Every structure is written in structure tokens, then in C-alpha cells.
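Trainee: Quick one: this structure, given as C-alpha cells, is what I'll be asking you about.
The values are calculated or read from the model by the stated rules, or taken from the named source; none is laboratory data. Since this is a predicted model, take the numbers as computed values, not measurements. We place every Cβ from the backbone using ideal geometry, glycine too, and count neighbours over all the protein chains shown.
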Amino acid sequence: MNTAARPLMPIAILISGRGSNMKAIAERALASQLPVEIRIVISDKADAAGLATAASLGIPTAVLSPRDFPDRATYDIALAQLIAEYEPKLIVLAGFMRILTSNFISAFAGRILNIHPSLLPKYRGLHTHRRALEACDPLHGVSVHFVTEELDGGPVIIQACIDVRAGDTEQSLSARVQRQEHTIYPQAIEWIANGRLTLDGDRVVLDGKTLEQPVLIDGRGT
């Protein structure tokens, strides 16, 4: 569906690496398939490959290195100030590998999204693919959720599941999960941009109805 005529929701995207989800979101936005305006892509690492990708797509970029600040709290204050300059309605964490402090999260409460490579609440934190393999899980996947002060514990909007196959490695699982990421993250953002999805306290509301469970996309067989 072409959404070019709709008001564009301003967003800021934070990355630490190659920014594959940022690229997927940006390409849809540039093709008028996602009603957002990416006002800035910010990285905590000057050598993040995603910065060059964003620049090649005509998106403004900025680097804010934690090495230039004495502690996490001071860094997060500066990060919040930088983001506020661009007046985003939504902040999208796309492989931003820093744990944000409560002051930052409270400044943008209900307006921060993250994508996490597991079927939350399973496997919060790091090494999710390894942990799924070690547990011999039959299914693995990815979740998009609102960010709260609880690490990877905010209300989940949408998930995609895949089969764990015989012979899978962390790398093969990661590759298949990432393909699902590039589908469900733009979907969650589109719902918000179109006014279909909101956060009411700790409840996710889609089309006027509270989600008792996250929307689940079946990616098995892909």
C-alpha cells in the first residue's frame, strides 16, 4: 500500500553496528511503504557500518561516543539531548548495544522500541541463539517490544517464530531470525505511525483491543 499521502511520523534510529534493521526500515520509508521520516541515525561507535549505509540513503547521521563521557548517566543525558533536537515521536533501537539508564527511558517513556532475538520472555540479554540451541528448543524467534527499565522486559508487540533445525548453528539461526526481524520491525512501526497501536500503561492496544498475547508471525519453513 502506498502511504505517501499520510503524515509522516518522525523517528530517530539508534545503532551500534551494521544497522540491517535500520536499512530495512529506511528502504520501506524511502519507497513510501512506511509513513515515517527518519530524522537521524545515531551510533555510539564511529566505525559502525550502518552510518555509511544511512548516509548513502540520504539520512542524517551522528556519533556520540561513550568514551567522551565519565559515566553512563552523563552519556545518556547527552544522548537524550541530542535526540530531542530532532523531535522524534518514536525512538527505534536497531542493534544499539547499550543498556539505557532509567533517566533516559523516563524522558521518552512509551516512545522507545527495541527488537530482541528471542521469543520473550525467554532469553533476555545476550547470546540468545546459543542459549536456544543449548536448551534444544524446537522453536526460536524474535520479538519487538516497548522499552522499559526492565532489561528486555517491556510489553511485547509482535513476534516471529522459526523452527530450530538439526545442524543449526548460532550463525544459521541468526540469519533466519534476521530475515524475520526485517518483516516484524517495520510492521510494528507502521502500526504506531498509523495510529493503530498504542501503549496504555503496560498494555499494548492494537485497533482498540488490548493484546492478551503478542501478535505471532509464523516464520517456520523459511
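Trainee: Which residues, counting only those in region 6-20, are surrounded by fewer than 23 Cβ atoms within 10 Å (Cβ to Cβ) and outside any strand (DSSP E or B)?
Mentor: Across region 6-20, the qualifying residues are 6, 7, 8, 16, 17, 18, 20.
Trainee: Considering each residue of region 131-189, count those that are modelled with pLDDT under 95 and of a type in the set (Phe, Trp, Tyr), and give that number.
Mentor: 0
Quick grid of which residues meet (1) charged (D, E, K, R); (2) in contact (Cβ under 8 Å) with a residue 24 or more places away in the chain:
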{"residue": "31", "(1), (2)": "no, no"}
{"residue": "38", "(1), (2)": "no, yes"}
{"residue": "45", "(1), (2)": "yes, yes"}
{"residue": "90", "(1), (2)": "no, yes"}
{"residue": "97", "(1), (2)": "no, yes"}
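Trainee: Please list, ordered by residue number, the helices (runs of 4 or more DSSP H) wholly in region 97-216 having 3 or more residues that are aliphatic (A, V, I, L, M) and under 23 Å from residue 9 (Cα atoms).
Mentor: Helices (runs of 4 or more DSSP H) meeting the threshold: 170-193.
Trainee: When you scan region 49-91, how many residues do you find that are in a helix (DSSP H, G or I) and crowded, with 18+ Cβ neighbours inside 10 Å?
Mentor: The total comes to 9.
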